[in-house]
1. Set Lys and Arg Cβ to +1 and Asp and Glu Cβ to -1, take the dipole of the range 1-116 about its Cα centre, and tell me which of Y11, V30, N100 lies farthest positive.
2. When each pair of different Cα atoms in the range 135-189 is counted once in the 1/r mean, what is the Kirkwood radius in angstroms, to one decimal?
3. Estimate the FRET efficiency between R220 and Q377 by the formula 1/(1 + (r/R0)^6), using the beta-carbon distance for r and 41 Å for R0, to the nearest 0.05.
4. Rounded to two decimals, what is the ratio between the C-alpha radius of gyration of the range 183-282 and 2.2 N^0.38 Å?
5. Highest mean first, how do 104-116, 305-317 rank when packing is the count of other Cβ atoms within 10 Å averaged over residues?
6. If you take the Cα Rg of the range 254-338 and divide it by 2.2 N^0.38 Å, with N the number of residues, what do you get?
7. What whole-number volume per residue, in cubic angstrom, does the convex hull of the C-alpha atoms of the range 93-172 give?
8. Given the rule -39500 (n - 2.57) for each run of at least 4 DSSP H residues, summed and divided by the residues of the chain, what is its mean residue ellipticity at 222 nm, to the nearest 500 deg cm²/dmol?
Amino acid sequence: MTVCRFANMVYLQTFGGQGPDVAVCAPGRVNLIGEHTDYNQGFVLPMALPLVTVMVGTRTPGQDVSVVTGSEAVEEPKRVDFLLPTPDAPLAPGTPSWANYVKGVIQHYRARPLPGFQAVIVSSVPLGAGLSSSASLEVAVYTFLQQLCPDDADKVGKAVACQKAEHTHAGVPCGIMDQFVSVLGQESHALLIDCRTLEATPVPLADPGLVVLITNSNVRHSLTGSEYPTRRRQCEEAAALLGKSSLRDATMKDLKDAEDRLDAVMYRRAHHVIEEIQRTAGAAEALKRGAYQQFGKLMVESHNSLRDHYEVSCAELDELVAAALEVDGVYGSRMTGGGFGGCTVTLLRADAVGRAIQHIKERYSGAPSFYITTPAQGARVLRL
Ligand code: GAF
(Lines give C-alpha, C1' and ligand atoms only; values in the text may rest on other atoms or scores of the structure.)
Protein backbone atom coordinates (compact mmCIF):
# COMPACT_ATOMS: atom_id res chain seq x y z
CA MET A 1 0.00 0.00 0.00
CA THR A 2 1.35 3.48 -0.77
CA VAL A 3 2.03 5.84 2.12
CA CYS A 4 -0.79 8.10 0.94
CA ARG A 5 -3.35 5.28 0.80
CA PHE A 6 -2.32 4.17 4.27
CA ALA A 7 -2.73 7.75 5.55
CA ASN A 8 -6.20 7.86 3.97
CA MET A 9 -7.15 4.63 5.65
CA VAL A 10 -6.01 5.85 9.07
CA TYR A 11 -7.89 9.10 8.46
CA LEU A 12 -11.15 7.27 7.72
CA GLN A 13 -10.71 5.01 10.75
CA THR A 14 -10.02 7.99 13.02
CA PHE A 15 -12.28 10.75 11.76
CA GLY A 16 -14.75 8.96 9.47
CA GLY A 17 -16.81 11.23 7.19
CA GLN A 18 -15.96 11.74 3.53
CA GLY A 19 -12.23 11.27 3.95
CA PRO A 20 -9.52 13.95 3.60
CA ASP A 21 -9.66 16.64 0.94
CA VAL A 22 -6.01 17.72 1.10
CA ALA A 23 -2.96 15.47 0.68
CA VAL A 24 0.67 16.56 0.52
CA CYS A 25 4.07 14.99 0.93
CA ALA A 26 7.63 16.08 1.65
CA PRO A 27 10.77 13.97 1.20
CA GLY A 28 13.61 12.96 3.49
CA ARG A 29 17.11 13.41 2.15
CA VAL A 30 20.50 11.83 1.93
CA ASN A 31 23.54 14.05 1.98
CA LEU A 32 26.19 12.94 -0.53
CA ILE A 33 28.90 15.16 0.95
CA GLY A 34 29.24 18.39 2.98
CA GLU A 35 28.59 17.33 6.55
CA HIS A 36 28.31 19.81 9.42
CA THR A 37 29.07 22.60 6.97
CA ASP A 38 25.58 24.10 6.65
CA TYR A 39 25.64 25.97 9.99
CA ASN A 40 29.11 27.21 9.04
CA GLN A 41 27.70 28.87 5.92
CA GLY A 42 29.44 26.32 3.70
CA PHE A 43 28.36 24.01 0.87
CA VAL A 44 26.31 20.83 1.10
CA LEU A 45 25.34 18.35 -1.62
CA PRO A 46 22.18 16.46 -0.64
CA MET A 47 19.43 14.91 -2.75
CA ALA A 48 15.77 14.46 -1.86
CA LEU A 49 14.65 10.85 -1.43
CA PRO A 50 11.65 8.89 -2.65
CA LEU A 51 10.96 8.31 1.08
CA VAL A 52 8.31 10.81 2.17
CA THR A 53 6.16 12.11 4.98
CA VAL A 54 2.54 12.35 3.88
CA MET A 55 -0.09 14.54 5.54
CA VAL A 56 -3.76 14.22 4.65
CA GLY A 57 -6.59 16.18 6.22
CA THR A 58 -9.61 18.41 6.10
CA ARG A 59 -10.58 21.89 7.31
CA THR A 60 -12.92 21.92 10.30
CA PRO A 61 -15.04 24.72 11.74
CA GLY A 62 -13.56 26.55 14.74
CA GLN A 63 -10.04 26.73 16.08
CA ASP A 64 -9.42 23.08 16.93
CA VAL A 65 -6.57 21.05 15.51
CA SER A 66 -6.49 17.25 15.78
CA VAL A 67 -3.52 15.36 14.37
CA VAL A 68 -2.87 11.63 14.40
CA THR A 69 0.37 9.92 13.49
CA GLY A 70 0.09 6.57 11.74
CA SER A 71 3.70 5.75 12.50
CA GLU A 72 4.25 2.37 14.15
CA ALA A 73 7.58 3.57 15.54
CA VAL A 74 6.04 6.32 17.69
CA GLU A 75 5.72 5.10 21.26
CA GLU A 76 4.01 8.21 22.62
CA PRO A 77 0.27 8.89 22.24
CA LYS A 78 -0.56 8.92 18.56
CA ARG A 79 -3.19 11.65 18.71
CA VAL A 80 -2.86 15.27 19.75
CA ASP A 81 -5.58 17.94 20.08
CA PHE A 82 -4.90 21.62 20.58
CA LEU A 83 -6.16 25.09 19.65
CA LEU A 84 -4.64 27.25 16.93
CA PRO A 85 -2.28 29.86 18.37
CA THR A 86 -3.30 33.45 19.02
CA PRO A 87 -1.00 36.43 19.72
CA ASP A 88 -1.77 35.94 23.43
CA ALA A 89 -1.51 32.17 23.43
CA PRO A 90 1.32 30.96 21.21
CA LEU A 91 1.82 27.23 20.72
CA ALA A 92 4.51 26.04 23.11
CA PRO A 93 6.35 22.74 22.80
CA GLY A 94 5.10 19.90 25.01
CA THR A 95 4.14 16.26 24.69
CA PRO A 96 3.92 14.11 22.65
CA SER A 97 7.26 15.17 21.23
CA TRP A 98 6.42 14.30 17.60
CA ALA A 99 3.67 16.94 17.73
CA ASN A 100 6.21 19.69 18.49
CA TYR A 101 7.23 19.72 14.82
CA VAL A 102 3.58 20.26 13.87
CA LYS A 103 3.07 22.97 16.50
CA GLY A 104 6.34 24.69 15.61
CA VAL A 105 5.44 24.99 11.94
CA ILE A 106 1.93 26.26 12.71
CA GLN A 107 3.44 28.82 15.09
CA HIS A 108 5.89 30.10 12.44
CA TYR A 109 3.39 30.04 9.57
CA ARG A 110 2.71 33.66 8.68
CA ALA A 111 -0.50 33.62 6.63
CA ARG A 112 -3.73 34.04 8.58
CA PRO A 113 -6.45 33.21 9.38
CA LEU A 114 -5.68 29.51 9.55
CA PRO A 115 -8.79 27.34 9.81
CA GLY A 116 -9.01 24.45 12.27
CA PHE A 117 -8.26 21.06 10.76
CA GLN A 118 -8.02 17.36 11.39
CA ALA A 119 -5.20 15.41 9.81
CA VAL A 120 -3.17 12.22 9.68
CA ILE A 121 0.59 12.02 9.20
CA VAL A 122 2.36 8.90 7.95
CA SER A 123 6.00 8.59 6.90
CA SER A 124 8.17 6.17 4.99
CA VAL A 125 11.28 8.06 6.15
CA PRO A 126 12.78 5.90 8.93
CA LEU A 127 12.66 7.83 12.21
CA GLY A 128 15.97 8.93 13.71
CA ALA A 129 18.07 7.33 10.95
CA GLY A 130 19.73 10.55 9.81
CA LEU A 131 17.56 10.81 6.67
CA SER A 132 15.70 13.92 7.87
CA SER A 133 12.48 12.49 9.13
CA SER A 134 12.03 15.70 11.18
CA ALA A 135 12.58 18.10 8.29
CA SER A 136 10.26 16.09 6.04
CA LEU A 137 7.58 16.29 8.75
CA GLU A 138 8.01 20.06 9.13
CA VAL A 139 7.92 20.64 5.39
CA ALA A 140 4.89 18.37 4.98
CA VAL A 141 3.03 20.35 7.65
CA TYR A 142 3.96 23.67 6.02
CA THR A 143 2.84 22.39 2.59
CA PHE A 144 -0.44 21.23 4.14
CA LEU A 145 -1.03 24.67 5.72
CA GLN A 146 -0.38 26.29 2.33
CA GLN A 147 -3.36 24.37 0.95
CA LEU A 148 -5.61 25.61 3.76
CA CYS A 149 -4.47 29.22 3.76
CA PRO A 150 -2.02 30.15 0.96
CA ASP A 151 0.96 32.29 1.97
CA ASP A 152 3.30 34.49 -0.04
CA ALA A 153 6.62 33.04 1.17
CA ASP A 154 8.96 31.79 -1.53
CA LYS A 155 10.45 28.31 -1.33
CA VAL A 156 13.57 29.42 0.51
CA GLY A 157 11.42 31.35 3.01
CA LYS A 158 9.39 28.20 3.52
CA ALA A 159 12.54 26.17 4.29
CA VAL A 160 13.75 28.87 6.70
CA ALA A 161 10.40 28.89 8.55
CA CYS A 162 10.59 25.10 8.96
CA GLN A 163 14.18 25.37 10.23
CA LYS A 164 12.99 27.95 12.76
CA ALA A 165 10.30 25.53 13.95
CA GLU A 166 12.98 22.92 14.60
CA HIS A 167 15.03 25.47 16.59
CA THR A 168 12.19 26.70 18.75
CA HIS A 169 9.97 23.64 19.13
CA ALA A 170 12.38 20.68 18.91
CA GLY A 171 15.32 22.49 20.51
CA VAL A 172 17.77 21.44 17.77
CA PRO A 173 19.94 24.31 16.43
CA CYS A 174 20.14 22.67 12.99
CA GLY A 175 21.43 24.22 9.79
CA ILE A 176 19.28 24.76 6.70
CA MET A 177 20.25 21.73 4.57
CA ASP A 178 17.48 19.30 5.46
CA GLN A 179 14.52 21.65 5.17
CA PHE A 180 16.00 23.28 2.05
CA VAL A 181 16.33 20.06 0.07
CA SER A 182 12.99 18.75 1.33
CA VAL A 183 11.36 21.87 -0.21
CA LEU A 184 13.55 22.40 -3.27
CA GLY A 185 14.78 18.89 -4.16
CA GLN A 186 14.73 18.03 -7.87
CA GLU A 187 14.16 14.71 -9.55
CA SER A 188 17.35 13.25 -11.09
CA HIS A 189 19.55 15.89 -9.43
CA ALA A 190 21.56 16.47 -6.29
CA LEU A 191 21.55 20.08 -5.07
CA LEU A 192 24.73 21.99 -4.38
CA ILE A 193 23.48 24.43 -1.75
CA ASP A 194 25.47 27.47 -0.77
CA CYS A 195 24.30 27.84 2.82
CA ARG A 196 25.52 31.45 2.93
CA THR A 197 23.57 32.82 -0.03
CA LEU A 198 20.89 30.11 0.06
CA GLU A 199 21.33 29.56 -3.66
CA ALA A 200 21.17 26.06 -5.06
CA THR A 201 22.73 24.60 -8.21
CA PRO A 202 21.18 21.35 -9.43
CA VAL A 203 23.82 18.73 -10.31
CA PRO A 204 22.57 15.96 -12.63
CA LEU A 205 22.58 12.52 -11.03
CA ALA A 206 20.73 10.19 -13.37
CA ASP A 207 23.42 7.95 -14.86
CA PRO A 208 21.80 4.50 -15.15
CA GLY A 209 25.21 2.92 -14.54
CA LEU A 210 25.50 4.59 -11.14
CA VAL A 211 23.69 3.85 -7.88
CA VAL A 212 23.34 5.69 -4.60
CA LEU A 213 22.99 3.06 -1.89
CA ILE A 214 21.93 3.99 1.64
CA THR A 215 22.76 1.54 4.41
CA ASN A 216 20.99 1.99 7.73
CA SER A 217 23.14 0.83 10.63
CA ASN A 218 19.92 0.63 12.67
CA VAL A 219 21.74 2.07 15.65
CA ARG A 220 21.30 5.46 17.23
CA HIS A 221 23.60 6.53 20.04
CA SER A 222 22.23 8.79 22.74
CA LEU A 223 24.99 11.38 22.18
CA THR A 224 23.14 12.78 19.17
CA GLY A 225 21.08 15.32 21.09
CA SER A 226 23.81 16.90 23.18
CA GLU A 227 26.76 16.72 20.79
CA TYR A 228 25.20 18.63 17.90
CA PRO A 229 24.82 21.97 19.74
CA THR A 230 28.29 21.48 21.21
CA ARG A 231 29.81 21.09 17.72
CA ARG A 232 27.98 24.15 16.51
CA ARG A 233 29.24 26.22 19.43
CA GLN A 234 32.82 25.01 18.96
CA CYS A 235 32.71 26.09 15.32
CA GLU A 236 31.37 29.53 16.21
CA GLU A 237 34.05 29.98 18.85
CA ALA A 238 36.77 28.84 16.44
CA ALA A 239 35.54 31.30 13.80
CA ALA A 240 35.51 34.13 16.36
CA LEU A 241 39.07 33.30 17.45
CA LEU A 242 40.16 33.38 13.80
CA GLY A 243 38.49 36.78 13.44
CA LYS A 244 35.96 35.46 10.89
CA SER A 245 32.20 35.72 10.86
CA SER A 246 32.03 32.01 10.02
CA LEU A 247 34.40 29.15 9.15
CA ARG A 248 33.33 29.60 5.52
CA ASP A 249 35.76 32.53 5.39
CA ALA A 250 38.69 30.68 6.99
CA THR A 251 41.51 28.85 5.19
CA MET A 252 43.77 26.09 6.50
CA LYS A 253 46.54 28.70 6.56
CA ASP A 254 44.45 30.92 8.85
CA LEU A 255 43.89 27.93 11.08
CA LYS A 256 47.55 26.88 11.20
CA ASP A 257 48.64 30.46 11.90
CA ALA A 258 46.25 30.55 14.87
CA GLU A 259 47.11 27.10 16.22
CA ASP A 260 48.41 28.37 19.57
CA ARG A 261 45.18 30.34 20.20
CA LEU A 262 42.79 27.39 19.69
CA ASP A 263 42.57 24.36 21.93
CA ALA A 264 43.17 20.99 20.26
CA VAL A 265 39.48 20.05 20.06
CA MET A 266 38.46 23.34 18.52
CA TYR A 267 41.33 23.03 16.05
CA ARG A 268 40.16 19.61 14.92
CA ARG A 269 36.55 20.81 14.51
CA ALA A 270 37.61 23.80 12.41
CA HIS A 271 40.00 21.59 10.40
CA HIS A 272 37.10 19.34 9.39
CA VAL A 273 34.79 22.19 8.44
CA ILE A 274 37.33 24.20 6.43
CA GLU A 275 38.41 21.18 4.37
CA GLU A 276 34.89 19.75 4.07
CA ILE A 277 33.62 22.98 2.49
CA GLN A 278 36.39 22.75 -0.14
CA ARG A 279 35.79 19.02 -0.62
CA THR A 280 32.09 19.60 -1.26
CA ALA A 281 32.72 22.23 -3.93
CA GLY A 282 35.26 19.86 -5.54
CA ALA A 283 32.89 16.90 -5.31
CA ALA A 284 30.10 18.80 -7.07
CA GLU A 285 32.50 19.61 -9.92
CA ALA A 286 33.59 15.97 -10.09
CA LEU A 287 29.97 14.79 -10.24
CA LYS A 288 29.19 17.23 -13.06
CA ARG A 289 32.12 15.77 -15.05
CA GLY A 290 31.12 12.18 -14.26
CA ALA A 291 34.43 11.76 -12.42
CA TYR A 292 33.05 9.17 -10.00
CA GLN A 293 36.44 7.89 -8.81
CA GLN A 294 37.33 11.41 -7.75
CA PHE A 295 33.94 11.89 -6.13
CA GLY A 296 34.34 8.61 -4.24
CA LYS A 297 37.79 9.57 -2.99
CA LEU A 298 36.35 12.80 -1.57
CA MET A 299 33.56 10.85 0.12
CA VAL A 300 36.12 8.68 1.88
CA GLU A 301 38.14 11.73 2.94
CA SER A 302 34.94 13.25 4.28
CA HIS A 303 34.18 10.15 6.32
CA ASN A 304 37.69 9.97 7.76
CA SER A 305 37.55 13.62 8.73
CA LEU A 306 34.14 13.20 10.41
CA ARG A 307 35.58 10.25 12.30
CA ASP A 308 38.93 11.75 13.30
CA HIS A 309 38.49 15.54 13.38
CA TYR A 310 34.80 16.09 13.98
CA GLU A 311 34.32 12.92 16.04
CA VAL A 312 30.71 12.28 15.06
CA SER A 313 31.08 8.78 13.61
CA CYS A 314 30.79 5.55 15.60
CA ALA A 315 32.05 1.98 15.36
CA GLU A 316 28.99 0.79 13.42
CA LEU A 317 29.27 3.50 10.74
CA ASP A 318 33.01 2.92 10.40
CA GLU A 319 32.36 -0.79 9.97
CA LEU A 320 29.77 -0.20 7.25
CA VAL A 321 32.05 2.19 5.34
CA ALA A 322 35.01 -0.20 5.59
CA ALA A 323 32.88 -3.11 4.35
CA ALA A 324 31.52 -1.10 1.39
CA LEU A 325 35.01 -0.01 0.34
CA GLU A 326 36.09 -3.65 0.06
CA VAL A 327 33.69 -4.21 -2.83
CA ASP A 328 34.85 -3.93 -6.42
CA GLY A 329 32.76 -1.28 -8.19
CA VAL A 330 32.33 0.94 -5.11
CA TYR A 331 33.58 4.50 -5.74
CA GLY A 332 33.19 5.81 -2.21
CA SER A 333 31.26 5.55 1.03
CA ARG A 334 30.74 7.73 4.07
CA MET A 335 28.48 8.37 7.03
CA THR A 336 25.66 10.77 6.21
CA GLY A 337 23.72 13.21 8.40
CA GLY A 338 24.46 14.32 11.94
CA GLY A 339 26.28 11.11 12.97
CA PHE A 340 26.46 8.86 16.07
CA GLY A 341 24.51 6.20 14.18
CA GLY A 342 22.02 6.35 11.35
CA CYS A 343 23.10 5.70 7.79
CA THR A 344 25.99 5.55 5.39
CA VAL A 345 25.79 6.56 1.74
CA THR A 346 27.72 4.65 -0.90
CA LEU A 347 28.27 5.56 -4.54
CA LEU A 348 28.83 2.54 -6.73
CA ARG A 349 28.45 1.01 -10.17
CA ALA A 350 24.96 -0.37 -10.77
CA ASP A 351 26.36 -3.82 -11.53
CA ALA A 352 28.01 -3.96 -8.09
CA VAL A 353 24.90 -3.35 -5.97
CA GLY A 354 23.95 -6.98 -5.31
CA ARG A 355 27.53 -7.87 -4.38
CA ALA A 356 27.87 -4.82 -2.16
CA ILE A 357 24.68 -5.56 -0.20
CA GLN A 358 25.70 -9.18 0.27
CA HIS A 359 29.20 -8.25 1.40
CA ILE A 360 28.03 -5.55 3.83
CA LYS A 361 25.51 -7.98 5.37
CA GLU A 362 28.27 -10.52 5.91
CA ARG A 363 30.76 -8.06 7.37
CA TYR A 364 28.54 -5.85 9.55
CA SER A 365 28.12 -6.99 13.13
CA GLY A 366 24.57 -5.57 13.34
CA ALA A 367 21.45 -5.90 11.19
CA PRO A 368 21.60 -3.36 8.35
CA SER A 369 18.81 -2.28 6.02
CA PHE A 370 19.32 -0.94 2.52
CA TYR A 371 17.73 1.61 0.21
CA ILE A 372 18.69 1.88 -3.44
CA THR A 373 17.66 5.43 -4.20
CA THR A 374 17.32 8.02 -6.93
CA PRO A 375 16.96 11.79 -6.43
CA ALA A 376 13.33 12.78 -6.03
CA GLN A 377 11.30 15.99 -6.20
CA GLY A 378 10.76 18.23 -3.17
CA ALA A 379 7.48 18.79 -1.32
CA ARG A 380 4.35 18.54 -3.40
CA VAL A 381 0.57 18.29 -3.38
CA LEU A 382 -0.81 14.80 -4.00
CA ARG A 383 -3.96 13.92 -5.90
CA LEU A 384 -6.47 12.08 -3.76
C1 GAF B 1 21.57 17.38 10.78
C2 GAF B 1 21.16 18.85 10.72
F3 GAF B 1 19.80 18.96 10.81
C4 GAF B 1 21.65 19.50 9.43
O5 GAF B 1 21.35 20.88 9.45
C6 GAF B 1 23.16 19.28 9.25
O7 GAF B 1 23.90 20.11 10.10
C8 GAF B 1 23.52 17.81 9.45
O9 GAF B 1 23.00 17.28 10.65
C10 GAF B 1 25.01 17.58 9.44
O11 GAF B 1 25.54 17.90 8.20
O12 GAF B 1 20.94 16.66 9.76
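1. With unit charges placed on the Cβ atoms, the residue in question is Y11.
2. It works out to 11.4 Å.
3. 0.90
4. This ratio for the range 183-282 stands at 1.35.
5. Ranking the peptides 104-116, 305-317 by packing returns 305-317, 104-116.
6. Cα-based Rg divided by the globular estimate yields 1.20.
7. Once divided by residue count, the hull of the range 93-172 is 98 Å³.
8. Helices in the chain give a 222 nm mean residue ellipticity of -12000 deg cm²/dmol.
The values are calculated or read from the model by the stated rules, or taken from the named source; none is laboratory data. These figures come from a predicted structure and were not determined experimentally. Heads up, the Cβs are rebuilt from the backbone with ideal geometry, glycines too, and the neighbour counts pull from every protein chain shown. Note: accessible area is taken over every heavy atom of the protein model, side chains too, but ligands, DNA and RNA are not part of it. Shrake-Rupley method; radii C 1.70, N 1.55, O 1.52, S 1.80 Å.
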